[in-house]
Amino acid sequence: MDSMNAARAEMPCLREFVARRPGLRLRGLNATLHGQDIGASTIFASRRELAGKSVLIGAQSQFVGARALIELDGLAARLVICPLDFSPRRLASVIAQAEVDIIVSDAADKDFGAEREVRLCRDPVPIDDEERFPRLASQWVLPTSGTTGEPKLVAHRLEGLLGAIRPASEPIPVWATFYDIRRYGGLQIFLRACIAGAQLLLSDEEESLGDHMTRCANAGVSHISGTPSHWRQLLMSPHAGLIDPKYVRLSGEIADRAILDALRATYPKAIIAHAYASTEAGVGFEVADGREGFPTALLASNGEVELRLREGSLHVRSKRTATSYIGRDDLKLLDEEGFVDTDDIVEQKGDRCFFKGRRAGVINVGGLKVHPEEVEQVINEHPNVRMSRVSARRNPIMGDLIIAEVARKGAAEPGESGTLEAEIFDLCRARLPRHMVPVTIRFLPAIDILASGKLARRHA
Amino acid sequence: MSIRLTILSQIENVATEQKKKIAPLRDDLTLTESGLDSLCFAILVARLEDELGADPFTASEEVYFPKTLGEFIGLYERSPR
């Protein structure tokens, strides 16, 4: 991308925030990054070649990714942050849309699906070049699921990402998160730790849940966050009792009464808070009264975050929302009044509002959004498929699962029953992240189409 | 097929599909050590609802999260259908 487009930053960059509160400790499985070491050292062989560029953070480890984010904010024009489960094909789409110039990674052999220079992050060495680079207002870009099969890229500014973060009170928290910090929910916790100069335990792919919780216990984790699905997983393990947190946070999915009550029973001394946040809408609000849903009074607030219900869907306006989609001029993130339509359907019952699910079309699998069209496109590539319709099936463990209905071309050949089903599963598993693969496929003689020519979808 | 055998065979199926290596299925096996992750359990619960007509996680008012395979099977065996 053209580095001339990047605006100079008026506010401090992340590295400067960390320098102010150098207590930051990012604790990986076998290593710790100390806040005071950032600024004096670097993991990049050349900072000059990253300055003003669009950089994909392609690290396998959260630890290296975190370090890269701190070093690159303010230096690179654009930080493109991808979850680990992206296939080379999806990575290639991200790289093209975000006009990525260069990839930084800790994995020499990773396939990014596109021809770009890959710079390997190395062990930190003292910064020897005294060269100063202009402090840029770096764009932070996070992918989200799109209807076209291509990920949609959501752009934030650091200022917006930090909008919900308040100065930490003493004692400084010891954070842990079940999220990967490369997803919005985890990124929020990473930024909280950076701003507070706190400790943050990062999970590791190699680490079992038991080992991770033992590490959390040994570190004295006081604040911990995850999706309701993450928490159900912990409560179905023998390890929940290892930690004694003061603050338990849920976000990314509907926090139902069952999970709130179960957490209350497990951690009677903790504040159990559920936050409403999304990649596009940013952090909306937090509810800590132990009940599901949120107070209706929030809908009338004209404070920092304005919430409105329009046709049942929650709309959010605040400085914390994303600013735009990248690489897609046809998509509008904000409406004319500056509101983001979250597609989350809310029902008002007196003084309380309850989340009823996603507007038809978007499915939430354990906190990960899935557009059915993305899955349908893959299924429809099979030569024997005429049409498919993908929808959600409620699930007590993950919120929703993906199911598919398929209308085949022509009649089944004798003896081939089951073959097409297996082939569709194989196709989906090869092309889609695990959470997007349908758990069941049902064959129908035909799938209804509305007068508009669109698939008849069930509503949330 | 008994509830127990149905559950055990569905666990094997899900593990095969999801390319997970599972531990020997004994009653005292803790679910987190089984080799199945959350998504696998979510799929398992959906399959069992289809096969047994029961979803004890959603059905009861008092939600109880099983920790071992024995507790998981017990939840289904006690669940009204």
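We did not get these values from a lab; they are worked out from the coordinates using the rules stated. Keep in mind that what you see is a predicted model, and the values were worked out from it rather than measured. Here the Cβ positions follow ideal geometry from the backbone for every residue, glycine too, while neighbour counts run over all protein chains shown.
Going by the alpha-carbon gyration tensor, a ≥ b ≥ c the square roots of its eigenvalues, is the range A:3-344 rounded (a/c under 1.5) or, if a/c is not under 1.5, prolate (a/b greater than b/c) versus oblate? It comes out oblate by the Cα gyration axes. Pairwise Cα separations in the range A:363-443 fall into 5 Å bins from 0 onward with the following percentages, short to long: 3, 16, 29, 24, 15, 8, 4, 1, 0.
For A:SER225, the amide hydrogen comes within under 5 Å of the amide hydrogens of A:ALA176, A:THR177, A:PHE178, A:ARG249, counting only partners 5 or more places away or on other chains and with H modelled in the peptide plane.
Applying the criteria of a DSSP loop state and at most 15 other Cβ atoms within 10 Å to the GluC sites (Glu not before Pro) of the range A:219-300 yields no site. Calculated mean residue ellipticity at 222 nm for chain B: -16500 deg cm²/dmol, from DSSP H runs with n ≥ 4 weighted as -39500 (n - 2.57), summed, divided by the residue count and rounded to 500. Using 16 Å as the cut-off for backbone N distance, which residues of the range A:134-150 belong to the label zone defined by a point 7 Å from the Cα of A:GLU115 along Cα→Cβ? Inside the label zone: nothing.
Here each label is just a point 7 Å from Cα along the line to Cβ, and for A:GLU381 and A:LYS349 those points are 4.4 nm apart. Between rounded, prolate and oblate, where does the range A:305-365 land on the alpha carbon gyration tensor, with a ≥ b ≥ c its root eigenvalues, rounded for a/c under 1.5, else prolate if a/b exceeds b/c? Cα axes put the range A:305-365 in the oblate bin. Both radii were evaluated on the Cα set of chain B; the Rg over Rh quotient, with Rh as the Kirkwood radius, amounts to 0.93.
Ordering A:LEU26, A:GLY58, A:SER46 by the projection of their Cα atoms onto the charge dipole of the range A:14-66, which places +1 on the Cβ of Lys and Arg and -1 on the Cβ of Asp and Glu, puts A:LEU26 at the extreme positive end. Using the Cβ-Cβ distance between B:ASP28 and A:ILE447 with R0 set to 56 Å, the FRET efficiency from 1/(1 + (r/R0)^6) comes to roughly 0.75. Computed from backbone phi with θ = phi - 60° and the Karplus coefficients 6.51, -1.76 and 1.60, the 3J(HN,Hα) list for the range A:75-82 is 9, 7, 6, 9, 10, 9, 10, 10 Hz; x is used for glycine and proline. Length available on full extension from A:ASP37 to A:LYS319: 0.36 nm per residue minus the Cα-Cα distance, which gives 98.4 nm. Cross-link pairs exceeding 25 Å between alpha carbons, from the set A:LYS246/B:LYS20; A:LYS349/B:LYS67; A:LYS152/A:LYS409; B:LYS19/B:LYS67; A:LYS269/A:LYS319: A:LYS246/B:LYS20; A:LYS349/B:LYS67; A:LYS152/A:LYS409; A:LYS269/A:LYS319. Electrostatic bookkeeping for A:GLY197 treats Lys and Arg as +1 and Asp and Glu as -1; over the other residues with beta carbon under 9 Å from its beta carbon, the sum is +3.
Between the amide H of A:ASP344 and those of A:LEU314, A:ARG359, distances stay under 5 Å, these residues lying 5 or more places away or on another chain, with hydrogens modeled in the peptide plane. In chain A, the DSSP-assigned H stretches of four residues or longer account for a calculated mean residue ellipticity at 222 nm of -6000 deg cm²/dmol, using -39500 (n - 2.57) per stretch and the full residue count as denominator. In this calculation the C-beta distance from A:ASN30 to A:ALA412 is compared with R0 = 56 Å, giving a FRET efficiency of 0.55. Between A:LEU84 and B:ASP37, the modelled labels are 0.8 nm apart [label points 7 Å from Cα along Cα→Cβ]. With distances taken between every two different alpha-carbon atoms, the range A:87-201 has a Kirkwood hydrodynamic radius of 16.9 Å.
For the range A:1-85, GluC sites (Glu not before Pro) meeting the loop criterion (DSSP other than H, G, I, E, B) and having at most 15 other Cβ atoms within 10 Å: A:GLU10, A:GLU49. In order along the range A:241-249, the Karplus-derived 3J(HN,Hα) couplings, from 6.51 cos²θ - 1.76 cosθ + 1.60 at θ = phi - 60°, round to x, 5, 9, 9, x, 8, 9, 10, 10 Hz, and Gly and Pro are given as x. Couplings 3J(HN,Hα) for the range B:37-51, derived from phi with the Karplus relation 6.51 cos²θ - 1.76 cosθ + 1.60 (θ = phi - 60°), are 9, 4, 4, 4, 5, 4, 5, 4, 5, 5, 4, 5, 4, 5, 7 Hz, where x marks Gly and Pro. Under the combined filter of DSSP loop state and at most 16 neighbouring Cβ atoms within 10 Å, the range A:325-427 retains none of its chymotrypsin sites (Phe, Trp or Tyr not before Pro). Each Lys and Arg Cβ is given +1 and each Asp and Glu Cβ -1; about its Cα centre, chain A then shows a dipole of about 980 debye.
Segment A:ARG308..A:ARG8, full-extension length gain: 104.6 nm, with 0.36 nm per residue of separation and the alpha-carbon distance subtracted. In this structure, the amide hydrogen of A:ARG352, modeled 1.01 Å from its nitrogen in the peptide plane, lies closer than 5 angstrom to those of A:THR296, counting only residues at least 5 positions away or on a different chain.
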